[in-house]
Amino acid sequence: MDSILKPLYIAVSWVIVTIHKALSPIFGADSGVSWSLAIVGLVILIRVILIPLFVKQIKSQRALTALQPHMKEIQKKYKDDRQKQSEEMMKLYKEHKTNPLASCFPILAQAPIFFALFTVLNGIGKNPPVKHGVLTQEDVVSAANAKFFGAPISQTFLGTDITTVKVVTVFLIALMSLTTFTTQRQLMLKGMPKMDSSNNMMLQQQKIMLYAFPVIFAISGVNFPIGVLIYWSTTNLWTWGQQFYVIKRNPTPGSPAYEELQRKNAKKTGYSESPTTDVEEPIEDLKGQRKQPKKKKKKNK
Amino acid sequence: MREFIVAPIKFYRKWVSPMFGPKCKYYPSCSSYAVSAIQNYGLKGIAMSVWRLVRCNPWSHGGVDYAVKEKAGVS
């Protein structure tokens, strides 16, 4: 396992050491600011590399606007069969070579980096410090003493008696919970297409999960060095910002944020027809005309 | 033994996955695919699940893909 991850140790430590070196003249080589910002820099680098994937996903979400009539038809046709509905949706996406879902690649790709950073920082925290990747003895000693708001970045909540480490850990866990919570909440309230009642259970479950975040972060957070928590918090903040931007500028068709944007655009152009009718009409159809044959629907209109 | 391997995937499906919302490009999702693959094919099912995870990437278009083809639609 170690030999597989070795290139990653080298890559992660190289990025950190390089940024640290660049920042040293400004903040000082042994300064916690240089080392902390080096970790933040690692996050920024990784997330910037992942941006093209993100843009690709946004583009395919935008392509969905054209598929909306098809999607509504499927939803209407299979409203009592969730499985068939999902199947047909997927077929539609595939047919049009677009897929709004991200796949778990962005998360999976970051996991090894996260683990490598964990190992590198944990090594620094050992006594005597263990060198991973391209770290020199000098780097390790300097990093081991680097402090983030008074807490050494290589220490864990459970592995030390230093009060500042505990305080900073709790603060960072709170920050991580808060950013994930707001990101998820924003997505639930504004970013997702309006749901019919069959999806309510899922929504309910997500609500419960939202409150489980602090617990999960707390359990894992007390075992992680401060530096890893810095990485985690920064990447969460980035996710939040990215989503905020997308929901404002490029919302998923059918979502409340999308309607909001349409309304805003309508105001700008002076377009008088209510932009929400387009989205709400099929919902009324679903309620009012349950189980009626297709032909009648057309007549009613 | 198969249930033992499937247990963590089921745990993930119940407690972890809902936090991130739907992500998978396929139907059924990778985790659902993995559960049925391992339950039906054992070791080979694990390989199938890994291959499915690899296929579910930003360059794929997804689609409908059951682990057990004959059972498709029954689930």
- What number of residues within the stretch A:42-51 satisfy the criterion of being over 16 Å from residue A:241 (Cβ atoms) and surrounded by 18 or more Cβ atoms within 10 Å (Cβ to Cβ)? 1
- Item | Filtered residue count, the stretch A:101-148, keeping only those that are assigned to a loop (DSSP other than H, G, I, E, B), within 19 Å of residue A:3 (Cα to Cα) and among the hydrophobic types (A, V, I, L, M, F, W, C) | 3
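Does the stretch A:96-110 contain any residue that is under 20 Å from residue A:16 (Cβ atoms) and within 14 Å of chain B (Cβ to nearest Cβ)? Show your work before the answer.
Quick first cut of the stretch A:96-110, residues under 20 Å from residue A:16 (Cβ atoms) only: A:109-110.
With within 14 Å of chain B (Cβ to nearest Cβ) added as a condition, the list becomes A:109-110.
Yes, the stretch A:96-110 has at least one match.
Mind checking which residues of the stretch A:111-128 are without any contact (Cβ under 8 Å) to a residue 24 or more places away in the chain and away from chain B (no Cβ under 14 Å)?
Pass one, the stretch A:111-128, residues without any contact (Cβ under 8 Å) to a residue 24 or more places away in the chain: A:111, A:123, A:126-128.
Scanning the stretch A:111-128 gives A:123, A:126, A:127, A:128.
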- Message: If a residue counts only when it is under 30 Å from residue A:145 (Cα atoms) and at pLDDT 80 or above, which helices (runs of 4 or more DSSP H) contained entirely in the stretch A:167-275 have at least 3 such residues?
- Response: A:200-221, A:226-249
- Within the stretch A:24-41, residues of a type in the set (Val, Ile, Thr) and closer than 23 Å to residue A:241 by Cβ come out as A:33, A:39, A:40
- Task: State which residue pairs qualify: first residue more than 7 Å from chain A (Cβ to nearest Cβ) and inside the stretch B:56-67, second residue surrounded by fewer than 16 Cβ atoms within 10 Å (Cβ to Cβ) and at pLDDT 85 or above in any location, beta carbons under 8 Å apart, and separation of 6 or more residues or different chains.
- Result: B:67/B:40
- State whether the residues of the stretch A:65-73 include one that is in contact with a helix residue (DSSP H, G or I) (Cβ under 8 Å, 6 or more places away or on another chain), modelled with pLDDT of 85 or more and charged (D, E, K, R). no
- Message: Exactly one of these conditions fails for residue A:86: (1) over 30 Å from residue A:243 (Cα atoms); (2) surrounded by 13 or more Cβ atoms within 10 Å (Cβ to Cβ). Give me its number.
- Response: (1)
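The values are calculated or read from the model by the stated rules, or taken from the named source; none is laboratory data. These numbers come from a predicted model, not from an experiment. Note that we place each Cβ from the backbone using ideal geometry, even for glycine, and neighbour counts take in every protein chain shown.
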